[in-house]
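Taking it in order: structure first as structure tokens, then the write-up.
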Amino acid sequence: MRAWPIALHVLAAGCAAPAPAGIAHEAESTVAAGVPPPPAEEAECASGGRAVAIGARPVGLAGAVPPGAGEVWLRLSCVRGATAPTLRIEAGGRSVAIALPATLHRERFEWLRAGDLRLDPGERRVALRLEGAGEVLLDRWACLPPRAAPDAAWSPGVWRSADRSIEVRAACGAAVVDPDWILHVLRQQREVVGRLFGAALERPLVLIALPAGRWPRRDAGAFQNGCAIFLRDDELHLPWRSYAHEIAHLHEDERRLDLPWFLSEGIACAVALEVEARILGEPGPVVAKRAALERLLAEGDAWHRPGGAGTNVLFLCDEEPSDESQRESAYAWSTALLEGAARLGGSRFWRRMQEAIAAEPRFRRGAAAAGGGDPAERTRGRLAGAAEALRAAVLPSGGTAETRTALDRLLSRTGLVAGGAP
Ligand SMILES: [Zn+2]
């Protein structure tokens, strides 16, 4: 436990040069030597890893106040609980408290004036702490003369659709060359996924562009964190670059589901293929991708041989394999299973699949913690739940004998269900 608040470095070279009227500082996760790092949000925030979480423990802002610039502005994101949390700001023995408005997403940073707090010239320490529940992140802060507003150049770009339901945000240092195109791609893919699933996303769709040079996940082309999608800024223009895949995951998150790993990724990958086919048309790269999945189901790979003895490893581990070649195999088998089921289930398969997984109590978030018990038993239960959901989605009213046989064969070939029987 340390007594004095964490001192955040002042970054001279930020996104943009500060205007001469004031001074802008960038909160970042590095701290003075010898001081343990604050609970920084790694790279998963709009500020590209520089935002700092504000909690009950004071966080300090270190930096000199230039003459005549005594007003503090903070660029914050706030996901609040039932009531608005209060931010307590202390400097030079004075203190103000401001109720924080919700910015809805943790990546949606907005500038906020720190009430009537006035800093004296030369003041070097400001401490922030949160009173009440909420997730609050500080991206940057500034000292400005009275009645001045933060310079637009101090914030990375934000572009919104006319109805405000789609938002593209550049992280610090990211380039968004053609925001209209990105908004178009997001809208188009959100609509197609929504139509397939028979449900629209409730929250605004937010995409954060991260600088390619600071991309945090070598093994992933995109990721999402439950509320926003993250893409590299040099791949934003590619319509097949994981937009639909991550949107599918956002649906899962909104429904508060905790799916088996293969089911979650299988749904996302197979939906992305379907969206790609619908948007880019066939023939295209989709044809080759689907042919590869069919080959996998027919011949298998080093991991699993259809019809052979043993269980497909995919169904034994409920998480992404860390080994690269195994990961490839795991994604391929997951996609092959869901893609095959979608083909058998016809046009309303995805809608029924969404209904089936939402109705499955074993897939509710928190069900595992509530259930306790033997982990192996739990995995078996989740596998059975997946097989049941697939049956419900492919065979809504029992299906024909031919479809039943084809589904049994699919479940058996992937190794989800031996011999196709639960
Ligand atoms: Zn995924």
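Here are some notes:
- Every residue from region 197-223 that is in a helix (DSSP H, G or I) and away from the ligand (no atom under 16 Å from the Cβ): ALA212, GLY213, ARG214
- Every test in (1) farther than 19 Å from ARG382 by Cβ; (2) polar (S, T, N, Q); (3) in contact (Cβ under 8 Å) with a residue 60 or more places away in the chain is passed by THR311 save one, and that test is (1).
- If you go through region 367-389 and pick out every residue that is among the small types (Gly, Ala, Ser) and modelled with pLDDT of 85 or more, you end up with 6.
- Taking the criterion of being touching an Asp or Glu at 6+ places or on another chain (Cβ under 8 Å) and in a helix (DSSP H, G or I), the residues of region 275-288 that qualify are PRO285, VAL286.
- One residue stands out among those in region 239-249 that are away from the ligand (no atom under 11 Å from the Cβ) and in contact (Cβ under 8 Å) with a residue 40 or more places away in the chain: the one that is nearest to VAL193 (Cα to Cα), which is TYR243.
- Scope region 77-93; condition basic (Lys, Arg) and in contact with a Lys or Arg (Cβ under 6 Å, 6 or more places away or on another chain); matching residues: ARG88
- Pairing residues of region 271-286 that are within 19 Å of LEU344 (Cα to Cα) with residues that are part of a helix (DSSP H, G or I) and among the polar types (S, T, N, Q), at Cβ distances under 7 Å and at least 6 apart in sequence or on separate chains, gives VAL275/GLN189.
- Listing of helices (runs of 4 or more DSSP H) fully contained in region 354-419 that carry 1 or more residues being within 32 Å of the chain's Cα centre (by Cα) and closer than 20 Å to VAL271 by Cα: 375-394, 401-414
The values are calculated or read from the model by the stated rules, or taken from the named source; none is laboratory data. Quantities reported herein were computed from a predicted structural model and do not represent experimental measurements. Cβ: placed from backbone, ideal geometry, glycine included. Neighbour counts: every protein chain shown.
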